[in-house]
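K.L.:
The structure follows.
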Amino acid sequence: MGLMSKILGENGGARGTEDYVTLDAGDVELADVGADTLVHIADIGDKSDVVDIKDAVYDGDVVIADITRHTTQDRTMEHITDELKQVAREVGGDIVQKDDDQLIITPAGVQISRERLGR
């Protein structure tokens with residue numbers, strides 16, 4: 001299983017912070033470099049969780065949101081997805097649903113490829 005598979009999840013299922021491992025960066029200085037863009041991991045349990053996601057995207061960050069608590073036919077999920085699509089349009093970003101378990105929302109200047117690597 002590759003790094004991106006671990007981040008984005010090939011096996012589905014809920015993940016917690018204990019599922020993420022801090023990688024040894026070796027000789028790389030780990031000081032705060034003042035990155036322009038952050039990648040946030042979020043869970044969407046209900047509509048109130050969308051506020052923080054919207055704020056992050058408006059601030060220019062990428063959000064990978066776990067939606068395993070909902071089915072794609074769930075009316076609440078439809079409303080949440082519509083709201084996040086609107087945010088992506090407003091900022092000139094992008095949004096995709098990865099399988100049935102994640103949404104990836106990006107700000108302006110970041111496009112999500114619809115083709116998987118290695119295929």
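The values are calculated or read from the model by the stated rules, or taken from the named source; none is laboratory data. Fair warning: this is a prediction, and the values are worked out from it, not measured in the lab. Cβ sites come from the backbone with ideal geometry, for glycine too, and all protein chains shown count toward neighbours. These accessible areas exclude ligands, DNA and RNA; they are computed on the full protein's heavy atoms, side chains included. Shrake-Rupley method; radii C 1.70, N 1.55, O 1.52, S 1.80 Å.
K.L.:
Taking K and R as +1 and D and E as -1, what net charge do the other residues with C-beta under 10 Å from the C-beta of Ala42 add up to?
P.N.:
Summing Lys and Arg as +1 and Asp and Glu as -1 gives -4.
K.L.:
Sort 87-97, 39-49 by packing, meaning the average of other beta carbons within 10 Å per residue, with the highest value first.
P.N.:
87-97, 39-49
K.L.:
Which far-off residues, 5 or more places away or on another chain, put their amide H under 5 Å from the one on Ala42, with H placed in the peptide plane?
P.N.:
Here Ile64, Ala65, Asp66 satisfy the definition.
K.L.:
In region 38-109, carbon and sulfur make up what percent of the accessible area (probe 1.4 Å)?
P.N.:
45 percent
K.L.:
If each residue of separation counts as 0.36 nm, what is the full-extension length gain between Glu83 and His40 once their alpha-carbon separation is subtracted?
P.N.:
Computed gain between Glu83 and His40 is 13.7 nm.
K.L.:
Taking only protein heavy atoms and a 1.4 Å probe, what accessible area per residue, in Å², does region 53-119 have with all protein chains in place?
P.N.:
Per residue, region 53-119 has 59 Å² of solvent-accessible surface.
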